[in-house]
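*Asks:* A single structure is presented below for examination.
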Amino acid sequence: MSGATSILVDNSALSKIDRSLHRLEEFFALIGGIAVFSLMFLAVVSVTGRHFFNSPLPGYVDWIEQAMPLIAFIGIAYCQRLGGHIRMDILIGRLKGRPLWLAEVVSCVVMLILMMLMVWGSYAHFERSFDFASPMWSRDSTLDIRLPIWPAKLLAPLAFSVLCLRLVLQIWGYGAALIRGTNDPVAVPMIEDASTVAAREAETVSGFDDDEKGSNK
Amino acid sequence: MSSIDIGIAVTIILLIMVMIGMRVAFAAALAGLIGLVWIFWAKKGMAGDQFFWALTVAVKTAGQVPHSKISSQALSLIPTFILIGYLAYYAGLTKALFEAAKRWVGWLPGGLAVSTVFATAGFAAVSGASVATSAVFARVAIPEMLAVGYDKRFAAGVVAAAGTLASLIPPSAILVIYAIIVEQDVGALLLAGFLPGAFSAVIYGGLVIGLAMTFKNFGPPVGGFTWVQRFKSLPGAFPIFFVIAIIIFFVYNPFGGDAWGTPTEGGALGAFVVFLMALYRGMRWKELKSALLETAKLSVMIFTIIWGVLIYVRFLGFADLPGAFSEWIGSLEQSPMLTLIIILLAYAVLGMFMDAIGMLLLTLPVVYPAVMALNGGLDVSAADSAFGMSGVGCAIWFGIIVVKMAELCLITPPIGLNCFVVAGVRPDITVQQVFKGATPFFIADALTIAGLIAWPGIVLYLPELLLGKS
Amino acid sequence: ATEWNVSVWGKRRAFTENVEKIAELVSAKTNGEFTLNISYGGLSKAKENLDGISIGAFEMAQFCAGYHEDKNPSITVLELPFLGVDSLEKEVQVSQAVYSHPAVVADLARWNATLLMPTPMPQYNIVGVGDAPKSLAAFDGLTVRATGGIGAAMSTLGAIPTSVPAAETRQAMDSGVVKAVSFAPHAHMSFGTVENAKWWTTNLNPGTVNCPVVVNTDALAALTDKERDALLGSVDEALAFYIDYYNNQTMAKWGPLLDSKGVERITYDEATLASFREKVAGPAASAWVEANNARGLPAQELLDLVQSEIAK
Ligand code: NA
Ligand code: NA
């Protein structure tokens with residue numbers, strides 16, 4: 001299974017666009033992370049309110065439901081850029097050079113078609129809950145405190161559109177590698193063997209221990 | 001073609017896409033979408049002028065799934081549990097736990113390895129991710145074991161194996177995912193994980209002691225700690241006990257009366273305590289930001305698989321494949337227990353090549369109803385059932401066993417990810433060596449699973465006692 | 001042969017017997033030429049059944065108006081508190097009158113949906129844990145699972161309506177997220193809220209939830225005359241079967257179940273109830289009329305229709 005990978009960088013237009021888009025993706029992913037963080041505080045407020053002030057937080061469930069799409073969708077392109085969506089790379093991992101880039105291009109094209117259809121479908125879902133003529137433009141709202149749901153529903157097509165952009169870039173990146181026959185394409189995640197992936201994983205979770213060791217010396 | 005034929009055909013397409021390396025979430029979503037188009041088009045007799053209609057209905061049906069299925073309170077536990085895990089590293093809990101375990105049980109035969117098992121089990125109570133748990137303990141425990149003369153294969157193997165406890169002992173993202181897919185109470189599943197996790201840890205510990213007593217030069221005990229030193233090691237590990245207590249109190253109140261809230265709130269409160277501890281230990285914005293980004297990335301990965309698979313499940317609902325599969329399994333002329341064991345062996349094979357979450361999400365929609373049917377249905381009473389437990393009990397029991405199966409696959413070749421992680425952390429140890437060192441634990445896991453099947457009470461005791469769920 | 005998919009949720013229970021019965025009748029009347037495949041949750045989430053109908057993913061569905069007032073504002077008039085409906089037959093009569101009003105037909109037509117029949121339910125009452133609210137003042141600060149008009153009625157007493165999916169109410173009660181749950185008796189049994197309950201209000205009767213069965217308009221138009229007659233002609237019989245089942249099967253189990261669980265029955269005196277009604281009913285009705293006039297519905301006309309049908 002593949003996790004995070006390194007992405008090569010150079011001065012080409014492709015690499016520049018890749019890094020600009022990545023800044024946007026990282027910003028989105030951070031919003032997702034902050035949403036998780038807010039859930040934590042929301043629970044603290046809700047529990048203390050209920051137990052110590054006999055006043056439960058009205059609409060607690062409503063706010064969680066509104067936050068979930070933020071967590072679930074908004075980082076989807078960030079994850080794809082880093083090769084974080086899992087797959088079985090036991091077969092594809094054996095390919096090298098042009099056959100590998102061909103396989104990656106095909107896989108990205110299929111994903112792009114799927115995600116364009118998903119943008120359509122999730123936008124239609126948003127549209128059914130949106131109505132300019134209604135109060136708060138809402139044709140569907142949460143149960144307790146009546147928050148309009150359309151902004152949360154809009155997040156899906158929005159995040160999926162960014163993923164489509166990312167896929168176009170990856171098709172470009174793999175496509176260029178396919179044509180040139182290069183072994184180190186820029187702007188796309190590379191398949192790495194399990195031990196490289198593992199070393200990286202270990203690094204992300206134990207950097208802090210090292211800092212600490214350093215300061216003790 | 002009947003809708004069941006379409007169901008089978010699309011399932012085969014899905015398996016092919018997954019095997020040739022398409023990302024699991026998108027392969028499942030695409031298979032579901034293709035299936036929906038096929039079903040709707042077949043309904044109109046596959047007439048050429050009806051294809052666009054079928055495509056539109058399928059796309060709009062699939063387009064509902066991500067938002068509709070994701071915005072639920074219960075699912076918010078998953079990112080919370082992931083966040084707790086990342087914060088725990090910054091709270092310095094790994095070293096504190098290992099130090100405490102060393103002082104309390106280091107005097108046993110194979111003391112440092114036993115300490116590793118119990119420290120990891122303790123860390124599992126704040127971490128929901130097996131792979132990451134192995135990675136951190138590889139850094140903390142292996143050097144100490146090597147320093148006193150342990151065989152490096154064994155030192156690496158014990159870390160790889162003990163890491164798998166993280167998904168059984170709550171908090172566990174994978175148990176939450178199971179609960180949601182099969183529509184069972186999340187709290188009951190989390191409670192159910194405690195004893196099997198502890199049982200598994202005790203079997204690991206016993207195995208280590210047995211090996212240490214059998215083989216000379218295995219690794220010396222580390223003793224000589226005074227009781228004062230022992231008690232002094234506890235405060236560093238305090239947040240662990242606090243988090244365990246919070247999660248228990250938010251599922252069930254041991255003092256009687258109402259629980260303090262939902263598991264969702266309990267998880268979030270646990271994360272808050274660990275967050276405060278990490279702040280105290282010097283975590284600042286730089287570390288917090290990287291924890292948040294990692295949490296966001298892992299969450300979005302899991303949620304993408306969830307909605308992708310649920311599009312496929314929505315298609316299965318239209319094709320009624322799970323119903324047909326259950327009927328077929330139920331009609332087999334062999335004992336239900338034999339069928340169950342065959343299903344578990346199939347998981348063992350599949351798990352060698354697949355990620356645990358992807359594997360469970362892809363298979364459960366079809367396998368779970370079949371297992372429930374084997375036992376006698378969702379509403380069966382313990383007396384009338386095949387496995388001697390009620391429908392709800394069977395759902396919980398099967399969940400724990402299947403998660404333990406998925407964990408076992410983390411230490412089996414060829415893709416035992418925990419072993420790769422340990423080898424990755426220690427350039428001086430090869431993956432083959434880690435696999436070799438983990439082999440005894442593979443046998444211990446097989447025994448654990450046999451134990452859980454023979455004595456379902458290990459799984460069901462807590463949920464029955466505390467929630468009345470059986 | 002015509003095959004319709006029907007989306008309902010939960011498991012088979014009193015609440016779904018009108019759908020089960022109509023499927024049986026339609027198949028019998030057409031010699032199996034027209035069948036309804038009922039799916040319990042496989043085709044859609046309960047809150048998205050109207051979306052599924054409008055897409056055309058399935059041809060028939062059940063939903064409750066209070067799950068999404070904005071999607072079907074016109075029928076929420078039937079969920080107003082203290083309307084005074086006192087039997088399932090009356091609930092059917094009032095619902096059907098409202099369902100055939102042109103403004104209601106147009107409201108559902110936005111979803112390409114045609115209203116087929118109601119799923120009548122008795123008055124909701126409240127099951128709870130902790131201290132029983134012997135007076136209305138005791139509802140102050142109580143967290144209660146109540147939707148729509150019932151939720152509005154409860155909040156005038158200072159209670160805090162908290163939304164919990166029906167399937168999770170038992171867990172929410174056990175964990176203290178809500179102290180009380182308002183349901184019709186069949187749902188209290190189906191969702192297990194009585195298992196650990198301490199008390200039950202026998203006659204608070206704040207109102208009920210309106211849960212119609214709808215069909216996709218295009219699919220209805222595409223039926224042959226014989227099929228359409230079989231479907232529409234089976235509504236009365238399905239409803240009669242449902243009412244009989246509810247009154248004689250479900251309600252017969254309810255009293256003994258309360259006894260076996262040791263649930264305390266709380267009965268309010270008429271003066272208390274009258275003061276509750278007075279405090280809630282009038283203001284809720286006028287607030288509803290105002291809000292729905294703003295949406296362009298003939299709100300007062302719908303309310304008058306309901307009240308005149310009840311008076312019949
Ligand atoms: Na854990
Ligand atoms: Na493996």
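*Asks:* To the nearest 500 deg cm²/dmol, what mean residue ellipticity at 222 nm is calculated for chain B from DSSP H runs of n ≥ 4 alone, each contributing -39,500 (n - 2.57), summed and divided by the residues?
*Replies:* Computed mean residue ellipticity for chain B: -24500 deg cm²/dmol.
*Asks:* Mind pulling the per residue volume of the convex hull built on the Cα atoms of the protein assembly as shown? Å³ is fine.
*Replies:* Enclosed volume per residue, from the Cα hull, is 173 Å³.
*Asks:* Tell me, what is a quarter of the convex hull surface for the C-alpha atoms of the range B:256-297, in nm² with one decimal?
*Replies:* Mean projected area of the Cα convex hull: 3.9 nm².
*Asks:* Translational diffusion coefficient, Stokes-Einstein: compute it for chain A using the Kirkwood radius over C-alpha pairs as Rh, at 37 °C and 0.692 mPa s, and state it as an integer in µm² s⁻¹.
*Replies:* 163 µm²/s
*Asks:* Taking 0.36 nm per residue of sequence separation and subtracting the Cα-Cα distance, how much length would be gained by fully extending the chain between C:S87 and C:N248, in nm to one decimal?
*Replies:* Going from the current span to full extension adds 56.6 nm.
*Asks:* Go ahead and run the numbers for FRET between A:D10 and A:M116, Cβ-Cβ distance against an R0 of 22 Å, rounding to 0.05.
*Replies:* The computed FRET efficiency comes out at 0.15.
*Asks:* Suppose R0 equals 51 Å. What FRET efficiency, 1/(1 + (r/R0)^6) with r the Cβ-Cβ distance, do B:R281 and B:M337 give to the nearest 0.05?
*Replies:* The value I calculate is 0.55.
*Asks:* Lys and Arg at +1, Asp and Glu at -1: add these up for the other residues within a Cβ distance under 15 Å of B:A386 and post the number.
*Replies:* That works out to -3.
*Asks:* Suppose the chain between C:S286 and C:S135 were pulled fully straight at 0.36 nm per residue; how much longer would it get relative to their current alpha carbon spacing?
*Replies:* So the chain would gain 51.8 nm between C:S286 and C:S135.
*Asks:* Now, a different point. Order by neighbour count: C:S74, C:S135, B:S72, C:S87, fewest other Cβ atoms within 10 Å first, most last.
*Replies:* Going from least to most buried by this count: C:S135, C:S87, B:S72, C:S74.
*Asks:* Here's another thing I want to ask about it. If amide hydrogens are placed 1.01 Å from N in the peptide plane, which non-local residues have theirs closer than 5 Å to the one on C:A113?
*Replies:* Counting only residues 5 or more places away or on other chains, the set is C:T217.
*Asks:* Please report the net charge: other residues with Cβ closer than 12 Å to the Cβ of C:D244, K and R +1, D and E -1.
*Replies:* -2
*Asks:* Also, quick follow-up: Which of the lysines could be linked to C:K312 by a straight reach, that is with a Cα gap under 28 Å, when you skip same-chain ones fewer than 8 residues away?
*Replies:* C:K90, C:K279
*Asks:* Also: Please turn the phi angles of the range C:164-179 into ³J(HN,Hα) values with the Karplus equation 6.51 cos²θ - 1.76 cosθ + 1.60 (θ = phi - 60°), one per residue in order, whole Hz, x for glycine and proline.
*Replies:* Working through the residues one at a time gives 9, x, 3, 5, 9, 5, 4, 4, 5, 6, 4, 9, x, 5, 10, 9 Hz.
*Asks:* Treat each spin label as a single point 7 Å out from the Cα along the C-beta direction, and report the C:N293 to A:L91 distance in nm.
*Replies:* My value for the distance between the label points is 6.8 nm.
*Asks:* I've got another one for you. Assuming 0.890 mPa s and 25 °C, estimate D for the range C:29-103 with Stokes-Einstein, Rh taken as the Kirkwood radius over Cα pairs, in µm²/s.
*Replies:* 167 µm²/s
*Asks:* Average projected area of the Cα convex hull of chain B, in nm²?
*Replies:* Quarter of the Cα hull surface area: 24.2 nm².
*Asks:* So which trypsin sites (Lys or Arg not before Pro) in the range B:23-82 pass both tests, a DSSP loop state and at most 15 other Cβ atoms within 10 Å of the Cβ?
*Replies:* Passing sites in the range B:23-82 are B:K44.
*Asks:* Sort the range B:175-250 into rounded, prolate or oblate with this rule: let a ≥ b ≥ c be the square roots of the eigenvalues of the Cα gyration tensor; rounded if a/c is under 1.5, and if a/c is not under 1.5, prolate when a/b is larger than b/c, oblate otherwise.
*Replies:* The shape class here is oblate.
*Asks:* How far apart, in nm, are the 7 Å Cα→Cβ label points at B:I443 and B:I12?
*Replies:* Going by the 7 Å Cα→Cβ label model, 4.2 nm.
*Asks:* Which of the GluC sites (Glu not before Pro) across the range C:46-116 are loop residues per DSSP, with 10 or fewer other Cβ within 10 Å?
*Replies:* Passing sites in the range C:46-116 do not exist.
*Asks:* What are the residues whose amide H is under 5 Å from the amide H of C:T2, where those residues sit 5 or more places off or on another chain and H is modelled from the backbone?
*Replies:* So C:T2 has HN proximity to C:F34, C:T35.
*Asks:* Where is the GNM fluctuation largest for chain C (alpha-carbon springs, 10 angstrom cutoff): C:Y246, C:Y124, C:Y40?
*Replies:* Maximum fluctuation in the GNM of chain C, among the listed residues, is at C:Y40.
*Asks:* Additional query: In the range A:68-104, which residues have a backbone nitrogen under 16 Å from the label point lying 7 Å from A:N183's Cα in the Cα-to-Cβ direction?
*Replies:* Only A:94-101 pass the distance filter.
*Asks:* What are the lysines whose alpha-carbon lies under 19 Å from the alpha-carbon of C:K226, with same-chain residues fewer than 8 places away excluded?
*Replies:* C:K226 reaches C:K21, C:K29.
*Asks:* Among the listed pairs B:K69/B:K404; B:K44/C:K11; C:K11/C:K253; B:K232/B:K289; A:K153/B:K289; B:K152/B:K436, which have their C-alpha atoms separated by more than 21 angstrom in this model?
*Replies:* B:K69/B:K404; B:K44/C:K11; B:K232/B:K289; A:K153/B:K289, as the Cα separations exceed 21 Å there.
*Asks:* For the range B:140-206, what is Rg from Cα atoms divided by 2.2 N^0.38 Å, rounded to two decimals?
*Replies:* 1.43
*Asks:* At 222 nm, what helix-only mean residue ellipticity would chain A give, in deg cm²/dmol to the nearest 500, using -39500 (n - 2.57) for each DSSP H run of four or more?
*Replies:* Mean residue ellipticity at 222 nm (helix-derived): -24000 deg cm²/dmol.
*Asks:* Let me ask something else about it. Over chain A, what is the relative contact order in percent, taking alpha-carbon pairs closer than 8 angstrom and at least six residues apart?
*Replies:* 33 percent
*Asks:* Right, another one. Find how much the distance from A:I145 to A:F53 grows on full extension, using 0.36 nm per residue of separation minus their present alpha carbon separation; answer in nm with one decimal.
*Replies:* 31.1 nm
*Asks:* So what is Rg over Rh here for chain C, counting just Cα atoms and using Kirkwood for Rh?
*Replies:* 0.97
*Asks:* Now for a separate question. Rounded to the nearest 500, what is chain C's calculated 222 nm mean residue ellipticity when only DSSP H runs of at least 4 contribute -39500 (n - 2.57) each, over all residues?
*Replies:* So the calculated ellipticity at 222 nm is -13000 deg cm²/dmol.
*Asks:* Right, here's the next one. Which far-off residues, 5 or more places away or on another chain, put their amide H under 5 Å from the one on A:F130, with H placed in the peptide plane?
*Replies:* A:R139
*Asks:* Which value does Rg/Rh take for the range C:15-141 over its C-alpha atoms, Rh per Kirkwood?
*Replies:* Over the Cα atoms of the range C:15-141, Rg/Rh equals 1.03.
*Asks:* Through the Karplus equation 6.51 cos²θ - 1.76 cosθ + 1.60, θ set to phi - 60°, convert the phi angles of the range A:30-47 into ³J(HN,Hα) values in whole Hz; use x for Gly and Pro.
*Replies:* Running phi through 6.51 cos²θ - 1.76 cosθ + 1.60 with θ = phi - 60° gives 5, 4, x, x, 5, 4, 4, 4, 5, 4, 4, 5, 4, 5, 4, 4, 4, 5 Hz.
*Asks:* For an R0 of 30 angstrom, estimate the FRET efficiency from the Cβ-Cβ distance between B:W455 and B:F242 and round to the nearest 0.05.
*Replies:* Given R0 = 30 Å and the Cβ-Cβ separation, E is 0.45.
*Asks:* How do B:L269, B:L168, C:L223 rank when sorted from fewest to most other Cβ atoms within 10 Å of their own Cβ?
*Replies:* Arranged by neighbour count, lowest to highest, B:L269, B:L168, C:L223 become C:L223, B:L269, B:L168.
*Asks:* In the range A:14-91, what chymotrypsin sites (Phe, Trp or Tyr not before Pro) fall in a loop by DSSP, with at most 10 other Cβ atoms inside 10 Å?
*Replies:* Of the chymotrypsin sites (Phe, Trp or Tyr not before Pro), the ones in loops of the range A:14-91 whose Cβ has at most 10 other Cβ atoms within 10 Å are A:F53.
*Asks:* What distance in nm separates the simple spin-label points at A:F41 and C:N196, each placed 7 Å from Cα in the Cβ direction?
*Replies:* Roughly 3.2 nm, to one decimal.
*Asks:* For C:K261, list the aspartates and glutamates whose Cα falls under 15 Å from its own Cα; do not include residues on the same chain fewer than 8 positions away.
*Replies:* In chain and number order, the partners are C:E195.
*Asks:* Give me the net charge for the shell around A:L30: Cβ to Cβ below 15 angstrom, other residues only, Lys and Arg +1, Asp and Glu -1.
*Replies:* Once positives and negatives cancel, what remains is +1.
*Asks:* Next up: Can you grab the distance from the C-alpha centre of the range B:374-393 to the C-alpha centre of the range B:269-336, Å, no decimals?
*Replies:* Measuring centre to centre over Cα atoms gives 27 Å.
The numbers here are math on the coordinates, done by the rules we state, and not lab data. Given the structure is predicted, the values throughout are model-derived calculations rather than measurements. Glycine gets a Cβ as well: all are built from the backbone with ideal geometry, and neighbour counts include every protein chain shown.
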